[in-house]
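Here is the structure we will look at.
A short reminder: the numbers here are calculations on the coordinates, not readings from a lab. Owing to the predicted nature of the structure, the values given are computational and were not obtained by experimental measurement. Glycine also receives a Cβ, built like all others from the backbone with ideal geometry; neighbour counts cover every protein chain displayed.
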Amino acid sequence: MNLWRDLKATAESFWVTLRNMFRRPVTIQYPEQKRQPAPRYRARIVLTRDPDGDERCVACYLCSAACPVDCISMQAAERENGRRYAAWFRINFSRCIFCGLCAEACPTLAIQMTPDYEICNRDLLKLVHEKEDLLIDGCGKDDTYNFYRHAGIGVVNSRGGNEDELPPADIKTNMP
Amino acid sequence: MSDLLVTLILVAIKIGLVFAVILTMAAYLVLAERKILGRMQLRYGPNRVGPFGMFQPLADVIKMLTKEDTVPDQADKWLFLLAPGLAAVTALLAFAVIPFGPPLELFGQKVPLVICDLNVGVLYFLGLSSLAVYGVALGGWASNSKYALLGGIRGLAQLISYELSMGLAVVPVVLSAKSFSLTEIVMAQKGLPFIFVHPLAFLIFLVSVAAESKRVPFDLPEAENELVAGFHTEYSGMRFGLFFVGEYINMIILGSMVTVFFLGGWLGPVLPPVLWFLGKVMAVSFFFIWTRGTLPRLRYDQLMHFGWKILIPLALLNVVVTGGIMVWLNG
């Protein structure tokens, strides 16, 4: 037992609390002050469009398969030119845990997380977002990528007409 | 006849005033504690209800009054209902003997600024603080809950143990003042407050007072992280509120006692006496809040060892030494 050390430690701890009393609190006063989240913050989910202005989503169901809480559902459809899209697309934000696995799974960068965290609501049904609520008019994080310009299906350009593609081989000839 | 009437009216006014002031102070002490603790932890504390959160106590009272008042199934109903009142009333009653200012001249009468200047005020105070144990013990026992019972038992043992050292710490003060009346004790400190004459007694008294009002680091009767809420686990609504406010009233009372016994009561230069008294009580209260923000809770055996093996022997020694010195000085 070291009495002097104990007394000194006690007095010091009193000094620490007194000193901290006059420091500025670190609290962010929420409704008045808002924190600017990082650009990659995971909050409200959106569906983005490609640089040409068309929907990116090809309704491949990878996001809904990746979703651990099964909050994403959709119905796939196809246009005459072979472009796939979601006839309806629904995210239930009252179930979503904002893990970001859907955005990670998406092959066309269609589904993305945004830093908009203020989506709470007293009416649960208002948290079920339909396609028109989810679809935005921009590209989100990657504004150059268009899936159909790399996919090899003749949707944007004719088959084989994309920059990184060769024209289709004529299998009836032996010429290189 | 009319003299008696005037006296009665004055006493009624004094009781009303003291009652109002103490209850308001207790309510705002809760707010002050929450705010100061918040600042010490780099938070703001409550600041939403009204300017700077000034209406928070009001909101709390409304909340507690409108909550359901539950009584556990197997509880001893009457004791259960009685205990919170006991805790609050014993705390309030102690203020009857505390002088908060020098006598005033009103209507050609000398009005002492104390509800009742008992010539055994010290004993009255010590007796009431012993009665305060009943609120804790009965509340804990009547709840028919293990947590409450454990809290009640702890409270009982703790309050009784620290009462001894508290009583013993007051003895040197009484020796110096040569009186049991609190007014006389304050008047005896005209030259020098007793904190300088009896520093050891002051320290012992301060620690015992913290233990008596069940404040951190001696809050074992309600230790949140082991006993849920200790003796008031089963209480809800305003009954819990009574325990809660009783604790803060107790803090004010014991703070006033520290002020009266050691800090020179209302005595002080320049400012009006009542302000001096309030200021000193608030300083003591702030110290308790500060302590709560600083120290961790003691273990139960540490609490008992500290009380019985350190404080009481020290207080006894202090009494003997003080008495010896006084005898030696006086002849």
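A few notes on this one:
- Cα centre as origin, Lys/Arg/Asp/Glu Cβ charges: the stretch A:45-149 dipole, Debye: 260 debye
- Computed [θ] at 222 nm, helices only, for chain A once each DSSP H run of length n ≥ 4 contributes -39500 (n - 2.57): -5000 deg cm²/dmol
- Estimated dipole of the stretch B:71-330 in Debye, rounded to 20 [Cβ of Lys and Arg +1, of Asp and Glu -1, Cα centre]: 360 debye
- Point-to-point label distance, residue B:325-residue B:20, nm (Cα→Cβ direction, 7 Å offset): 4.4 nm
- Across the stretch B:71-330, the volume of the C-alpha convex hull divided among the residues equals 133 Å³ per residue.
- DSSP H segments from chain B that extend 30 Å or more along their own axis, Cα-based, with Kyte-Doolittle mean of 0.0 or above: B:2-40, B:121-142, B:146-177, B:237-262, B:273-294
- Equivalent ellipsoid semi-axes - Cα gyration tensor, the stretch A:45-149, angstrom: 22, 15, 13
- Around residue A:88: net Lys/Arg minus Asp/Glu count, Cβ-Cβ under 13 Å: -2
- The charge dipole of the protein assembly as shown, taken about its Cα centre with unit charges on the Cβ of Lys, Arg, Asp and Glu (plus for the first two, minus for the last two), comes to roughly 1140 debye.
- The stretch A:68-176: trypsin sites (Lys or Arg not before Pro) in DSSP loop, at most 11 other beta carbons within 10 Å: A:79, A:122, A:172
- Percentage of interatomic Cα-Cα distances in the stretch B:35-166 larger than 24 Å: 57 percent
- When the P(r) is computed for the stretch B:130-245, the part past 18 Å accounts for 57% of the Cα-Cα pairs.
- Chain B: calculated mean residue ellipticity at 222 nm from DSSP helix runs of at least 4, using -39500 (n - 2.57): -22500 deg cm²/dmol
- Rounded FRET efficiency, nearest 0.05, which uses the C-beta distance separating residue A:19 from residue A:41 and R0 of 35 Å: 0.55
- Residue among A:65, A:46, A:113 farthest towards the positive dipole end of the stretch A:45-149, charges placed on Cβ: A:65
- Neighbourhood net charge (13 Å Cβ-Cβ; Lys/Arg +1, Asp/Glu -1) for residue B:67: -1
- Of the two radii for the protein assembly as shown, the radius of gyration is 1.24 times the Kirkwood radius, both from the alpha carbons; that is the Rg over Rh value.
- Fully extended contour minus Cα-Cα distance, from residue B:175 to residue B:66, at 0.36 nm per residue: 34.2 nm
- Rounded FRET efficiency, nearest 0.05, which uses the C-beta distance separating residue B:105 from residue B:13 and R0 of 22 Å: 0.90
- Furthest towards positive pole of dipole, B:302, B:38, B:16, structure part chain B, Cβ charges: B:38
- Gyration tensor analysis over the Cα atoms of chain A returns equivalent ellipsoid semi-axes of 53, 22, 15 Å (largest first, whole Å).
- Computing FRET efficiency as 1/(1 + (r/R0)^6) for residue A:29 and residue A:95, where r is the C-beta to C-beta distance and R0 is 25 Å, gives about 0.25.
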